[in-house]
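All remarks here apply to the structure that follows.
The values are calculated or read from the model by the stated rules, or taken from the named source; none is laboratory data. Please read all numbers here as calculations on a predicted model, not as lab measurements. Note: ideal-geometry Cβ built from the backbone for every residue, glycine included; neighbour counts use all protein chains shown. The area values use the complete protein model at the heavy-atom level, side chains included, leaving out ligands, DNA and RNA. Shrake-Rupley method; radii C 1.70, N 1.55, O 1.52, S 1.80 Å.
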Amino acid sequence: MELQERLEDLKNSTQAKLAKMRGDNAKELQELRVQVLGKKGSLTELLQGLKELSAEARPIVGKQVNEVRDVLTKAFEEQAKIIEAAKIQAQLESESLDVTLPGRQIKLGSRHILSQISEEIEDIFLGMGYQIVDGLEVEEDYYNFERMNLPKDHPARDMQDTFYISQDILLRTHTSPVQARTLDSHDFSEGPLKMISPGRVFRRDTDDATHSHQFHQIEGLVVGEQISMGDLKGTLELISQKMFGQDRRIRLRPSYFPFTEPSVEVDVSCFKCGGEGCNVCKKTGWIEILGAGMVHPSVLEMSGVDAEKYSGFAFGLGQERIAMLRYGINDIRDFYQGDIRFIQQFK
Ligand code: PHE
């Protein structure tokens, strides 16, 4: 029967074409599929011929058509699988993945050296029963200057020009305003006030190797009954030794701050040469590390603290200066530039 032969033919020729097909030709496969099994394809065309067959022959040939369709559908699926596998194989070969290579290390960050210095000093003072107080970077002229005994036209304001938000609001020039704020709220019936306050301060300065328009200080304040200059000296000696080595001595030189009386500059004996004189201490054997003094009675009185009964000391140290001395850093700008090579040295 002619139709049956043609069916057989179609099956054989399609199978032969599939067998010859290269493993990487998805497009060719799709085209052949449409040609053979598509709506207007060869099989559909042969199906039309069923109409001309006799009633007895029709189901037999019809069954054969279905069989051929099933066989070919499967054959196309098989070929599609082969093509997919070939594609994956080609991908694997082109992407060279070497699982024996060492993994990429995740880089760990570290605390900034200024944070480390601050925490180190905080730890020392916490151990002596001090509290740590947060101040305000945007401060009132009133606390930054007036309450620190620097009224509006005081000449010492010139050394601490700053950035003004308005006439009365500014970026603080030192951490000292925290003194006034803490004194205001301290209840002396509960004991003396002992606090430190680390933080950022600002000044109108031209940035160079040793000046920056913003830097970091740590303020210290102790107020109570019978607090003397001896307490100040002992405290500063201890902190100097903890920061720069057990053998350090300190020396106090007279100085001036409007909010302390008497005021001193504090030098520490050189940690590099031990006092002989070298490049770190500029051949003097001493290095200036901070300003300090006995809290001016007016500062106490402005907080409503009885200056006859209570006295105290205060100090302010520069965090950058401590770090620069300790690690031989000679440009203050290195602290703020975020250069990973600088930061990584202090892990
Ligand atoms: N506030 C002073 C400054 O910034 C430092 C200081 C603090 C001096 C406390 C004495 C007492 O220069």
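The table that follows gives values for the structure above.
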{"quantity": "Local electrostatic count at D306 - Lys and Arg +1, Asp and Glu -1, tallied over other residues with Cβ under 15 Å", "calculated": "-4"}
{"quantity": "Karplus-derived HN-Hα couplings along region 230-243 (A = 6.51, B = -1.76, C = 1.60, θ = phi - 60°), whole Hz, x at Gly and Pro", "calculated": "x, 5, 4, 4, x, 5, 5, 5, 4, 5, 5, 5, 5, 7"}
{"quantity": "Efficiency of FRET between T206 and D306 - r from beta-carbon atoms, R0 56 angstrom, step 0.05", "calculated": "0.80"}
{"quantity": "Rg over Rh [alpha-carbon atoms, Kirkwood Rh] for the chain", "calculated": "1.59"}
{"quantity": "Q241 versus E288: modelled label distance in nm, points set 7 Å from Cα along the beta carbon direction", "calculated": "2.6 nm"}
{"quantity": "Per residue accessible area of the chain, 1.4 Å probe, in Å²", "calculated": "58 Å²"}
{"quantity": "Percent accessible area from carbon and sulfur atoms, the chain, protein chains only, probe 1.4 Å", "calculated": "50 percent"}
{"quantity": "Residue-by-residue Karplus 3J(HN,Hα) for region 82-89, coefficients 6.51, -1.76, 1.60, Hz, glycine and proline x", "calculated": "4, 5, 4, 4, 5, 4, 4, 4"}
{"quantity": "Cα centroid separation - region 172-210 against region 60-88, whole Å", "calculated": "85 Å"}
{"quantity": "Paramagnetic reach from I124 in region 233-256 [backbone N under 20 Å; point 7 Å along Cα→Cβ]", "calculated": "233-253"}
{"quantity": "Normalised contact order of the chain, rounded percent, pairs of Cα under 8 Å and 6 or more residues apart", "calculated": "14 percent"}
{"quantity": "Whole-Hz couplings from phi, Karplus 6.51/-1.76/1.60, listed for region 48-59; x for Gly and Pro", "calculated": "4, x, 4, 3, 7, 7, 6, 4, 6, 6, 3, x"}
{"quantity": "Region 28-75: Rg to Rh, with Rh as the Kirkwood radius over Cα pairs", "calculated": "1.04"}
{"quantity": "Proportion of all alpha-carbon pairs of region 201-247 beyond 14 Å (%)", "calculated": "67 percent"}
{"quantity": "Over the chain: helical MRE at 222 nm, DSSP H runs n ≥ 4 each giving -39500 (n - 2.57), nearest 500", "calculated": "-12500 deg cm²/dmol"}
{"quantity": "Cβ-defined net charge surrounding D187, 15 Å radius [Lys, Arg +1; Asp, Glu -1]", "calculated": "-1"}
{"quantity": "Sequence-separation-based contact order of region 211-347, relative, with Cα cut under 8 Å and 6+ spacing, percent", "calculated": "28 percent"}
